[in-house]
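The values are calculated or read from the model by the stated rules, or taken from the named source; none is laboratory data. Owing to the predicted nature of the structure, the values given are computational and were not obtained by experimental measurement. Cβ atoms come from the backbone with ideal geometry, glycine included; neighbour counts cover every protein chain shown. The protein model used for the area step is the full one, side chains on, heavy atoms only, and it has no ligands, DNA or RNA in it. Shrake-Rupley method; radii C 1.70, N 1.55, O 1.52, S 1.80 Å.
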Amino acid sequence: MEKRIRAMYFSGTGTTAKVTSGVAYRLWELMDKSEHKINVSGETDDEINYVKAANINFTPLKAREKVYTFDENDIVVFGTPVIAGRVPNVLLKFLDTLVGGGAIVVPVVLYGNRNYDDALIELRNILEEKGFHTVAAAAFIGEHSFSRTLAAGRPDIHDMEIAGEFAEQVAEKLLKLIRVTGGDNGRLTAALEAAGPVHVKGHDPIRPYYKPQDRQGNHINILKVIPKLDASKCTGCGLCVSVCPMGSIKEDNPGVVDGICIKCCGCQKKCPEGALYFDDPGYLYHKEELELGYADRKEPELFI
């Protein structure tokens, strides 16, 4: 029998990918140790083997055109960024196509040092509804997509150490469950169902999306704001085309956003020439308010 361990993530600037991949790899390292292999049926050739399966990156638009199906032998560390305190609404249609099939899942959210609000409980609920069993969860911090100073460089070494510790706790919980149930999928599923979804912070029913405000409490609407191009700096390399998760930058017009922009800022942050920028007053005001109001370091929160 094989148990496949992998990360699955949406990651515009790479922060969610870094944490989920790190947790999944460390989880596999821990569970693959020989002393953790148990014999399922009493036969020497029927022990559980833990396999590090290929990660699934569903950031590219084309990757979200596929249907991903899992089963009881899958263990998935599943990550999304937080946008406006929630799971990004552009992902909801894709997430609704997932087939959990009784797989074990660890939901993880990455937020930019403000707050993850209801994103983690929302992601947990979605995965449970799609047939996964949530056994642990976490909220980590990544450099804010709007800023190069808010949570700059995170997840950093300290964050990744915590990610490793989190993987150790998840491995301990899973190995205990597997030992108690003798590795039998039916008994393991019954135990997971009896335990119920992992407890996480957040409100249920889910609260509305966070709306940026000025100091007088007036809403700042940045939904339609898009980055602009400094054509004098653009070399036409096309990197922005490949990193845009919405497919809104076309190959025949690199640097020009012509479609939905979720402001993941992957195009801006990854442009080697710094050719993309924002100049919308509301966006810049909100960015500055975030940098001023949330400068204190937040720490990851783990739920086992």
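Pairs of lysines in region 126-248 whose Cα atoms sit within less than 26 Å of one another amount to 9, provided the residues are eight or more positions apart or on different chains.
Computed over region 95-216, relative contact order equals 28 percent, with contacts defined as Cα pairs under 8 Å that lie 6+ residues apart. Mean residue ellipticity, 222 nm, helices only, the chain: the sum of -39500 (n - 2.57) across DSSP H runs of n ≥ 4, divided by residue count and rounded to 500, is -9000 deg cm²/dmol.
The packing ranking, built from the mean of other Cβ atoms within 10 Å per residue, places the peptides 146-154, 191-199 in the order 146-154, 191-199, highest first.
For the chain, the longest principal axis of the C-alpha atoms and the axis of helix 157-180 are separated by about 30°. Surface composition of region 1-146: carbon and sulfur make up 47 percent of the accessible area, probe 1.4 Å. Using C-alpha pairs below 8 Å separated by at least 6 residues, the relative contact order for the chain is 20 percent. The label-point distance for residue 251 and residue 201, in a model that sets each label 7 Å from Cα toward Cβ, rounds to 4.5 nm.
Applying 1/(1 + (r/R0)^6) with r as the Cβ-Cβ distance of residue 235 and residue 179 and R0 = 51 angstrom yields a FRET efficiency of 0.35. As a size descriptor, the averaged projected area of the C-alpha convex hull of region 39-126 was calculated at 7.2 nm². Averaged per residue, the chain has 47 square angstrom of accessible surface, using a 1.4 angstrom probe with ligands and nucleic acids left out. The residue among 103, 174, 226 whose Cα reaches farthest toward the positive pole of the charge dipole of region 103-230, with charges on the beta-carbon of Lys, Arg, Asp and Glu, is 226. Roughly speaking, what is the stretch gain from residue 289 to residue 258, that is 0.36 nm per residue apart minus the C-alpha to C-alpha distance, in nm to one decimal? That works out to 8.4 nm of additional length.
Which order, highest average first, do 181-189, 163-171 follow once you tally other Cβ atoms within 10 Å for each residue and take the mean per peptide?
Numbers: 181-189: 15.3, 163-171: 20.4.
Peptide ranking by packing, descending: 163-171, 181-189.
Think of the chain as a dipole: +1 on every Lys or Arg Cβ, -1 on every Asp or Glu Cβ, centred on the Cα centre; then among 290, 67, 191, 290 lies furthest on the positive end.
Sorted on the mean count of surrounding Cβ atoms within 10 Å across their residues, most packed first, peptides 9-20, 212-223 read 9-20, 212-223.
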